[in-house]
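Down below is the structure, laid out as structure tokens.
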Amino acid sequence: MKTAMARPLSAIGSVVLIIGALLPWATFVLNDGPYPDKATLEFFDAPFGLSSFRLYLEILGLAGIVFTFVPVRDKIRVLKSIGWGAAGISVVNLLFIAGDGGGLGAITAADGVPAFGSIVAVVGSAVLLFGAYQLPPEPLTVIDSKLPWWAEWLILLAAFVALLFLITETLTAGGHSGVSDPYIGPLFLSYLSAVGALLGVLHAFGVTEWISDMSERHRVFSIVVLVLCAVAVPFTSVGNDYWMTITANIGVYAATAIGLNIVVGLAGLLDLGYVAFMGIGAFVAANLSGAVAAEFHIQLPFIVAAIASGIVAGVFGAVVGSPTLRVRGDYLAIVTLAFGEIFVRVSQNNIGGLTGGSNAIPNIPDLSLFGAQFNDAPTIGGLQLPGGVLYYFLIVLLVALVMFVFGNLKNSRIGRAWIAIREDEDVARAMGVKTGKLKILAFMTGATLAGLAGAVFAHKLATASYDSFQFNQSVTLLAAVILGGMGTIPGAVLGAALLFVLPEELRQFKDYRLLFFGLALVVIMRFRPQGLIADRHRRAELADEDTTGESLDDTAIKEPVAVAAKEAGA
Amino acid sequence: MTPVLQARDVSMVFGGLAALKNVSLDLDEGKIVGLIGPNGAGKTTFFNCLTGLYTPTTGQVLLKGDPLPGDPAAVTDAGVARTFQNIRLFPSMTVLENVLLGRHVRMKQGPLSSLFHGPAFRRGEAAARDRARELLAFVGLGKVEDELSRNLPYGDQRRLEIARALATDPAVLLLDEPTAGMNPQETEAARQLIFRIRDTGVSVVVIEHDTKFIFTLCDRVSVLVQGELLVEGTPDEVRGDPRVVEAYLGKPPEEVEAELQAVQEGEQS
């Protein structure tokens, strides 16, 4: 009986949503702002203006109607994704217009101008959602088909190019070059909601899992294409100085997060002082860079300095890791927390004279290669590239290296032993795993990678300061790993990107941005505890909470195509 | 012939509590030895001494004549593998990965080889996979290697644990209550499996509550009661021993009645 109401409700909701998108949204006119032509809330009246948020709503509404009546698998997840995406867009813009337009009048009626669009859209998405939740829950769709290798390569290529497009669009959704656009916040969030809805629908169809399994099968190919995509970024719409700096920062933190992922995600050792290893790497590189304030007045080639940074950080990693032989769980977290604090205090007070204290080590020379300074904007074959693009390429290389280390170690005897330690340390030991050595190895490897990232970081910033390696950085990195998905590479990269891009894009909301940010983390952890891109293992570990708890065999709806393909192949 | 595994006067004291008192056990090559006793008799403590998890307070454990190393990982390396009373698989690893983990100790790839995945690494990995699949087929789990171990039915989890232990190429396999919670058919299958393991040259020690199972499985049986070795012998000897009957079933009814009467008379007087 409940399900009988589902279709009418979601259909009505979708229709209301479309009507809402077509109605005017704001009554007030905003008179200030850097773009006089755009600095008006009439902007929200244009049917499909620059913001496109109404276009998203139209598309979502139409999709809602189509998927209500067309028989699709896992209808509930499809409609839920659409509903939540639409709700996100409507609520964000409603709050923004009400907030900036001076209260309720801006979204209802004032001076004889009615503008109920946002409220209608919110109601529409609520009805749509309500209808969707009446549907019976279905097991997650699993597409099990294997195609010939060239077809899978093509699909992967297309997927990664689409991903690249999505990412550059996400970055620039709120405007270019970081110039303060008054609408950057809501525009970005609207876009993010729409993308979220799209990914949700793809997930419901089993497409995302299918592609990720495919990329697992063609690991080397995927990595090559990913690197190529990353190299292509400067040639897209984000190819300017501002975004080069932001993406380079994301890259450094992503590399560090992948390193942390070895310690936390694979070996299951909670490390709250991880950023200190990045700091150690940065200071070692700074001291060997020939900077005036450095302790040693020698300038080693960057590659040598970077290796030295990695080694020194690795040694410290082994030292900090050694208590793991005796200390477990929460107690280990406290040990690592203490180490992080010791590092900050020591470098702040310049104990040992290697860190420049509160003056930091400034003026670290720019890197150069064949006479090209890394901060300059090079011209290749008449094509003007943005400034800092060489750093960006260097960091892409760094991330690729770190991915290589992580991926290969994970799929080896050592990676398996780490996962076993995470799952049940006593049993791992009883099975002959030398847990002590392996735990120290995990710490060492993670620290070495962080040290390398630190060396690049110091040159990129031209400064090595204790201030960059505080406790909150460690926590942010840890959040990146957990949010993105423990034990996976794309998870760590996505987590780092989100954690370092979101604050950038949410500047619109000034003091509230960290509040929103925190709320977003809570929501994601509540509804997707295994992280955005979950490890196959962990996905299963936490999946019970949102499926009906049947065994995998029952939930896997085998694609008829797959069966046919298997038979044809056999 | 020296026994493969030999416990000599093993005692284990926790604080003031003597969990084991001078327990000795000989396991000859290619034999199955059973260890029975009521709850709390010290069977699992004894097992932990045999696997290096505990170091005996006094006494010693010899493997092929050499003292057992003090670390569980080293003991496994030396050739003693075990299963656990409460199944302890790596729940979110696949069936195959669980067995591969058992293979860990026989694989030689170090950190660098694991990092670069060279030809030697690939060969070692392929060999380990082959061996793991062989063992899975041996215990009858050949078809589910990609299933997560937590999703296996109970009996299959027990068999997987055995496959994982066998992957370490043990000389001695210690099974801690391998048939707990199984129905008669599964128990029979477990018995056949243990016989087949024995036939591959692995010596086996089994702890079990189910005396019928032990008496039809083992070459020799030891009975532990309150930390002490009560009886040791062939199944027939042990089965007929009145002390075992008393330890297991309590005293015969007439004796209990007599004792009760004696107590009552004592109170009256």
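Any read-out appearing in this document is the output of simple, stated calculations on the displayed coordinates, not a laboratory observation. Everything quoted here is computed from the prediction, not taken from an experiment. Virtual Cβ from ideal backbone geometry, glycine too; neighbours counted across all protein chains shown.
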Against the longest principal axis of chain A, how steep is helix A:219-232, in degrees 0 to 90 to the nearest 10, with axes from Cα atoms?
80
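Taking segment A:272-414 on its own, what percent of its Cα-Cα pair distances exceed 22 Å? Don't jump to the answer; show the numbers that get you there.
On the way: 5378 of 10153 pairs.
Cα-Cα pairs of segment A:272-414 separated by over 22 Å account for 53 percent.
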Whole-Hz ³J(HN,Hα) from phi, Karplus 6.51 cos²θ - 1.76 cosθ + 1.60, for segment B:155-166, glycine and proline x:
x, 5, 4, 4, 5, 5, 4, 5, 4, 5, 5, 5
For segment B:52-115, shape from the Cα gyration tensor axes a ≥ b ≥ c, cut at a/c of 1.5 then a/b versus b/c, turns out oblate
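Averaged over peptide B:112-123, how many Cβ atoms belonging to another chain are found within 10 Å of each residue's Cβ? Walk me through the numbers on the way to the answer.
Numbers: counts 0, 4, 11, 7, 4, 6, 0, 0, 0, 3, 0, 0.
Partner-chain Cβ atoms within 10 Å, mean over residues of B:112-123: 3.
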So which of B:K31/B:K64; A:K146/A:K439; A:K410/B:K64; A:K80/A:K410 end up more than 26 Å apart by C-alpha?
A:K146/A:K439; A:K410/B:K64; A:K80/A:K410
Please give, to one decimal in nm, the separation of the simple spin-label points placed at A:Y133 and B:T200, each 7 Å out from Cα toward the Cβ.
5.4
I'd like to compare A:239-251, A:339-351: which one has the highest average count of other Cβ atoms within 10 Å, and what's the full order after that?
A:239-251, A:339-351
Per-residue HN-Hα couplings for segment A:392-406, Karplus 6.51 cos²θ - 1.76 cosθ + 1.60 at θ = phi - 60°, whole Hz, x for Gly and Pro?
4, 5, 4, 6, 4, 4, 4, 4, 4, 4, 5, 4, 4, 4, 4
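Per residue of B:162-175, count partner chain C-beta atoms within 10 Å of its C-beta, then hand back the mean as an integer. Walk me through the intermediate numbers first.
Numbers: counts 0, 0, 2, 2, 0, 2, 3, 0, 1, 0, 0, 0, 0, 0.
For this peptide, the per-residue mean of nearby foreign Cβ atoms is 1.
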Per DSSP helix of 4 or more residues, -39500 (n - 2.57); summed, then divided by the residues of chain A. What does that give at 222 nm, rounded to the nearest 500?
-21000 deg cm²/dmol
Non-local residues with an amide H under 5 Å from the amide H of B:L230, with H modelled 1.01 Å from N and Pro and chain starts lacking one, are B:V223, B:L224, B:V225
Per 10 Å bin, what percent of the C-alpha pairs of segment A:315-366 does each bin hold, from zero upward?
23, 37, 26, 13, 2
The Cα radius of gyration of segment B:8-70, divided by 2.2 N^0.38 Å with N its residue count, comes to 1.10
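Across peptide A:407-415, what mean number of C-beta atoms from other chains lies inside 10 Å of a residue's C-beta? Mind showing how you got there, number by number?
Numbers: counts 1, 6, 4, 1, 3, 11, 16, 8, 1.
Averaged over the peptide's residues, the number is 6.
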Nearest 10 degrees, 0 to 90: helix A:275-287 Cα axis against chain A principal axis
50
Over all Cα pairs of segment B:113-209, how is the pair count split among 10 Å bins, expressed in % and running from 0 up to the last occupied bin?
14, 43, 29, 10, 3
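Order A:213-225, A:366-378, A:402-414, B:163-175 from most to least packed using the mean count of other Cβ atoms within 10 Å. Kindly include the intermediate steps, with their values, before the conclusion.
Values: A:213-225: 15.9, A:366-378: 13.5, A:402-414: 21.2, B:163-175: 23.6.
Most protected by this proxy first, the peptides run B:163-175, A:402-414, A:213-225, A:366-378.
What 222 nm value per residue comes from the helices of chain B, counting each DSSP H run with n ≥ 4 as -39,500 (n - 2.57) and dividing by all residues, nearest 500 deg cm²/dmol?
Value at 222 nm, helices only: -13000 deg cm²/dmol.
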Please compute the volume of the convex hull spanned by the alpha-carbon atoms of segment B:94-164 and report it per residue in Å³.
82
Counting only residues 5 or more places away or on other chains, whose amide H sits under 5 Å from the amide H of B:L5 once H atoms are built in the peptide plane?
B:L27, B:K64
Bin by bin, in steps of 10 Å, what percent of the Cα pairs in the protein assembly as shown do you find, going until the bin that has the longest distance?
2, 11, 17, 19, 17, 14, 9, 5, 3, 1, 0, 0
Cα→Cβ-extended label distance, 7 Å offset, between A:V207 and A:L157, nm
1.9
The answer for the per residue Cα convex hull volume of segment B:168-269, in Å³, is 142
Tell me, what is the FRET efficiency for A:V70 and A:R219 to the nearest 0.05, using R0 = 30 angstrom and their Cβ-Cβ distance as r?
0.25
Roughly speaking, what is the centre-to-centre gap between segment B:18-72 and segment B:106-153 when only Cα atoms are used, to the nearest Å?
30
